[in-house]
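Step one of this worksheet: look at the structure below.
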Amino acid sequence: MSEENYMRIIDLRGKELNRAQMLEAMPRAEMGTDEATELVQPILDNVKAHGAKALREYAVKFDHVVPKSLRVPTDVMDAAVAELDPEVRAAIEESIRRARAVAKNQVPEDFHTDLADGARVAERWIPVQRVGLYVPGGKAVYPSSVIMNAVPAQAAGVESLAIATPPNRNDPDGWPNKTILATCAMLGVDEVYAVGGAQAIAMFAYGATDVDDPTNPVLCEPVDKITGPGNIFVATAKRLVSGIVGIDAVAGPTEIAIIADKDANPEWVAADLIGQAEHDELAGSVLITDSPELADAVQASLLRRVPRTEHAERVATSLSGRQSGIILTDSLDQSIDAANAYAAEHLEVQTADPDAVIARIRNAGAIFRGPYSPVPLGDYMSGSNHVLPTSGTARFAAGLGVHTFMKPVEVIEYDEQGLKELASRVNAFAVSEDLPAHGESVLSRFVADPYDKTTLKDQEKEAGLR
């Protein structure tokens, strides 16, 4: 294989790796989280202390513009809808329609379990009351992220949604990207802030007042949960405020893995790797194959295709980085093992029998079956959600969905007879843990003096507890 190839080779052939060794062999980006924490914590503290004043200062410092108002007026969003290109509007409407259809079916149902007469445990699913949705700017704009965050929140029944997205220095009034604003309006979200970066996360977590606006001193009320992707500073801010509010995840750079065999189309595989690399220089693009011939053909296709794509320099940096590579395996079995160790945000399966492979995948944010289900379909309008676990966290985490915005709350309902049957056993358990007051709490319903241990057994017998 030529040294001119974009992607490095990780050769697992002939190796019997244990779990730790397989995890270690996977390509990952290095993230400077300590440095980011040192930069982000003062931003959080400043916004908490000074609210809108700090937000305006950071707009100047980071975005080089201060919007006419931090909260975007609804007439500005309505105007953005009116100005939207008809083809783009139609695409957004179709994306919303499909996302809503899937989200509707994701809503969990309440249930109950009867354990005995008078003994029931039920579970209610309760929506989070107020949610802050972050929509990034940066190298691209993401109206698709508005849909992916807002639609499942609305389906869950969240009653208060706020969106923050960076102001646009190229807009004379500093308003955010018009397509993002139009998408917000089309979804019926009217609380939108021209605030970006870590300062937006602080605004959501702590709320923000505006001393310069005596008629409306509360700019933004604090939220209960923050969702949405962002750069390392946004991700670090979310990590630092987690516990004060809930978060969906601390997202790392985006990534794709493709399990492919000898029959996969190398041109399509190469195009899919490039598509993911386009996001960011740290984006991970990984091919896992037991076919050296396919690997060679993909490398050759990349050499032809990368220079011809618009963001060729960004793509080349991503494909040649330590977070990307072609993993060569001895067999499809080893390819599956490698895919489960890598735990990709997006996993494409382009093999002769994709269902057999998918049945053995345990770790992936989302699985794209077959050659006609490329990742960009999921990015925009497959109906699935594109906010997914990254950096191997798909081993234990799931993508964003209706469940992200709901809390299962158990309701315990025992009547007198139901509790009576368990009272002495609860007491025995409590005493074994040296928490006797727990047992005394239960026994108080049935015996006169649960604190008199010398007569307690007799009292229990008299009350019919034994």
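The values are calculated or read from the model by the stated rules, or taken from the named source; none is laboratory data. Predicted model, so just to flag it, every value in this text is computed and none were measured. Methodologically, a virtual Cβ is constructed for each residue, glycine included, from the backbone with ideal geometry; neighbour enumeration extends over all protein chains shown. Ligands, DNA and RNA are stripped out before the accessible areas are found, and what is left, the full protein with its side chains, is counted by its heavy atoms. Shrake-Rupley method; radii C 1.70, N 1.55, O 1.52, S 1.80 Å.
Ranking Thr179, Leu347, Gln129 by how far each Cα lies toward the positive end of the dipole of the chain (charges on Cβ) leaves Thr179 at the top.
Considering Cα pairs under 8 angstrom that are at least six residues apart, work out the relative contact order of the chain and quote it in whole percent. Mind dumping the intermediate values first?
Numbers: 907 pairs, mean separation 93.9, N = 466.
The normalised contact order for the chain reaches 20 percent.
Here the simple spin-label model places points 7 Å from the Cα toward Cβ, and for Asp11 and Thr113 these points are separated by 5.3 nm. Counting only GluC sites (Glu not before Pro) that DSSP places in a loop and that have at most 14 other Cβ atoms within 10 Å, the longest clean stretch of the chain runs over 160-309.
Take the solvent-accessible surface of the protein heavy atoms, probe 1.4 Å, and return the percent of it on region 415-463 that carbon and sulfur atoms account for. Mind dumping the intermediate values first?
Details: 1760 of 3370 Å².
Roughly 52 percent, rounded to a whole number.
Restricting the chymotrypsin sites (Phe, Trp or Tyr not before Pro) of region 351-405 to loop positions (DSSP other than H, G, I, E, B) with no more than 14 neighbouring Cβ atoms within 10 Å leaves Tyr372, Phe396.
Grab the Cα-Cα distance for Asp333 and Asp190, subtract it from 0.36 nm times how many residues apart they are, and report the gain in nm with one decimal. Mind dumping the intermediate values first?
Details: separation 143, 0.36 × 143 = 51.48 nm, distance 5.01 nm.
The span from Asp333 to Asp190 would gain 46.5 nm if fully extended.
In region 252-398, the portion of solvent-accessible area held by carbon and sulfur atoms comes to 50 percent [1.4 Å probe, whole percent, DNA, RNA and ligands not counted].
Compared with the dominant principal axis of the Cα atoms in the chain, helix 178-187 is inclined by about 40°. For the chain, the per residue solvent-accessible surface stands at 49 Å², with DNA, RNA and ligands left out and a 1.4 Å probe. For region 70-181, the fraction of 1.4 Å probe accessible surface lying on carbon and sulfur atoms is 48 percent.
Would you mind computing the Rg to Rh ratio of region 1-71 from its alpha-carbon coordinates, Kirkwood style for Rh? Present the calculation step by step, with values, prior to reporting the outcome.
On the way: Rg = 22.7 Å, Rh = 17.1 Å.
Ratio of gyration radius to Kirkwood radius for region 1-71: 1.33.
Between Gln21 and Gln41, the simple label model (points 7 Å from Cα in the Cβ direction) yields a spacing of 4.0 nm. To the nearest ten degrees, helix 197-206 and the longest principal axis of the Cα atoms of the chain are 20 degrees apart. Please work out the Cα center distance from region 1-78 to region 106-165, rounded to the nearest Å. A separation of 24 Å, based on Cα centres.
Based on Cα contacts under 8 Å between residues 6+ apart, region 225-317 shows a relative contact order of 26 percent. Here percent of Cα pairs over 44 Å apart was computed from the coordinates, and among (1) 28; (2) 33; (3) 8 the match is (1).
In region 252-398, taking the dipole from charged Cβ atoms about the Cα centre, the farthest positive-side position among Ser373, Leu294, Thr329 is held by Ser373. Only alpha carbons enter this Debye calculation for region 158-293, each as an equal point scatterer, and the log10 of I(q)/I(0) it gives at q = 0.18 Å⁻¹ is -1.08. Compared with the alpha-carbon gap, the fully stretched path from Arg425 to Arg362 is longer by 18.7 nm at 0.36 nm per residue.
Within the assembled protein chains, the solvent-accessible surface assigned to Asp355 is about 80 Å², based on a 1.4 Å probe. Rounded to a whole number, what is D in µm²/s for region 1-146 from Stokes-Einstein with the Kirkwood radius over alpha-carbon pairs (25 °C, 0.890 mPa s)? Answer, rounded: 108 µm²/s.
Magnitude of the charge dipole for the chain, about its Cα centre and with charges confined to Cβ atoms of Lys, Arg (+1) and Asp, Glu (-1), is about 300 debye. When you count the other C-beta atoms within 10 angstrom of each residue and take the mean per peptide, 207-217, 169-179 line up highest first as 169-179, 207-217.
With q set to 0.17, 0.19 Å⁻¹, the log10 of I(q)/I(0) for region 252-398, from the Debye formula over equal scatterers at the Cα positions, is -0.88, -1.13. Within the assembled protein chains, the solvent-accessible surface assigned to Val151 is about 0 Å², based on a 1.4 Å probe.
Once you have the Cα-Cα distance between Ala352 and His64, take 0.36 nm times their residue separation minus that, and quote the gain in nm to one decimal. Write out the running numbers ahead of the final one.
On the way: separation 288, 0.36 × 288 = 103.68 nm, distance 5.21 nm.
98.5 nm is the gain from fully extending Ala352 to His64.
Once the Cβ-Cβ distance of Arg28 and Glu433 is raised to the sixth power relative to R0 = 45 Å, the FRET efficiency obtained is 0.60. Taking every DSSP bridge with both residues inside the chain, close to 30 percent are antiparallel.
Would you mind calculating the relative contact order of region 295-363 from Cα pairs under 8 angstrom and at least 6 residues apart, reporting the percent as a whole number?
On the way: 23 pairs, mean separation 16.0, N = 69.
After rounding, I find 23 percent.
With R₀ fixed at 45 Å, the C-beta to C-beta distance from Glu416 to Gln106 puts the FRET efficiency at about 0.70.
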